[in-house]
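Undergrad: Have a look at this one.
The values are calculated or read from the model by the stated rules, or taken from the named source; none is laboratory data. Because the structure is a prediction, the values reported are computed rather than measured. As a convention, Cβ positions derive from the backbone with ideal geometry for all residues, glycine included, and neighbour counts pool all protein chains shown.
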Amino acid sequence: MARRNRNKILVPEAREGLDQLKAKIAGTTNPEQAKFEIAEEVGVPLKEGYNGKLTSEQAGKVGGKLGGNMVKELVRMAQENLNKNQ
């Protein structure tokens with residue numbers, strides 16, 4: 001059974017900004033390389049192409065670190081914006 005990607009951006013115009021944030025979090029200029037940078041940091045043998053031999057735990061380490069850090073940065077940015085407007 002094929003898995004469908006259910007992660008949809010509610011505002012498609014935000015794609016570029018989210019890609020830039022992803023690259024910033026990973027410390028790279030290319031958002032496509034972000035997951036590989038994070039995988040290297042956490043010691044997961046992620047490579048381009050098929051990665052079916054990765055465990056769920058390994059895949060979660062990469063996605064969790066990247067997504068979690070993106071959320072933290074977005075919250076920090078929102079708090080900064082709120083403080084500026086008060």
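Undergrad: Given the structure, is residue 51 more than 21 Å from residue 15 (Cβ to Cβ), loosely packed, with under 11 Cβ neighbours inside 10 Å and not charged (D, E, K, R)? Talk me through it step by step, then tell me what you get.
TA: Numbers: more than 21 Å from residue 15 (Cβ to Cβ): yes; loosely packed, with under 11 Cβ neighbours inside 10 Å: no; not charged (D, E, K, R): yes.
Against the criterion (more than 21 Å from residue 15 (Cβ to Cβ), loosely packed, with under 11 Cβ neighbours inside 10 Å and not charged (D, E, K, R)), residue 51 does not qualify.
Undergrad: Shifting gears a bit: Which of the residues that make up the range 22-42 are over 10 Å from residue 65 (Cα atoms) and aliphatic (A, V, I, L, M)?
TA: Answer for the range 22-42, where residues must be over 10 Å from residue 65 (Cα atoms) and aliphatic (A, V, I, L, M): 23, 34.
Undergrad: Suppose we keep only residues that are more than 9 Å from the chain's Cα centre (by Cα) and in a helix (DSSP H, G or I) within the range 13-27. Which one would you say is surrounded by the most Cβ atoms within 10 Å (Cβ to Cβ)?
TA: Selected residue: 24.
Undergrad: Turning to a different aspect of this structure: Kindly check whether there is at least one residue in the range 16-39 that is at positive phi and of a type outside the set (S, T, N, Q). Give the steps one after another, and end with the answer.
TA: First, the residues of the range 16-39 that are at positive phi: 27.
Now drop any that are not of a type outside the set (S, T, N, Q), which leaves 27.
Looking through the range 16-39, at least one residue is at positive phi and of a type outside the set (S, T, N, Q).
Undergrad: Somewhere in the range 2-12, is a residue surrounded by fewer than 14 Cβ atoms within 10 Å (Cβ to Cβ), in a helix (DSSP H, G or I), modelled with pLDDT under 90 and not β-branched (Val, Ile, Thr)? Step through it out loud before you land on a result.
TA: Initially, the range 2-12 is screened for residues surrounded by fewer than 14 Cβ atoms within 10 Å (Cβ to Cβ), giving 2-12.
From what's left, in a helix (DSSP H, G or I): 12.
Checking which are modelled with pLDDT under 90 leaves us with 12.
From what is left, the residues that are not β-branched (Val, Ile, Thr) are 12.
For the range 2-12, residues surrounded by fewer than 14 Cβ atoms within 10 Å (Cβ to Cβ), in a helix (DSSP H, G or I), modelled with pLDDT under 90 and not β-branched (Val, Ile, Thr): present.
Undergrad: Considering each of 33, 20 in turn, give the residue that is farther than 23 Å from residue 77 by Cα and modelled with pLDDT of 90 or more.
TA: Working: 20 fails: farther than 23 Å from residue 77 by Cα.
Within the list 33, 20, the selection yields 33.
Undergrad: Restricting the first residue to the range 49-75 and requiring it to be farther than 15 Å from residue 34 by Cβ, which pairs with a second residue that is part of a helix (DSSP H, G or I) meet a Cβ separation below 6 Å and a spacing of at least six or different chains?
TA: Pairs that qualify, where the first residue is farther than 15 Å from residue 34 by Cβ and the partner is part of a helix (DSSP H, G or I): there are none.
Undergrad: Restricted to the range 64-76, and to residues that are among the small types (Gly, Ala, Ser) and under 17 Å from residue 24 (Cβ atoms), which residue is surrounded by the most Cβ atoms within 10 Å (Cβ to Cβ)?
TA: By that ranking, first place goes to 67.
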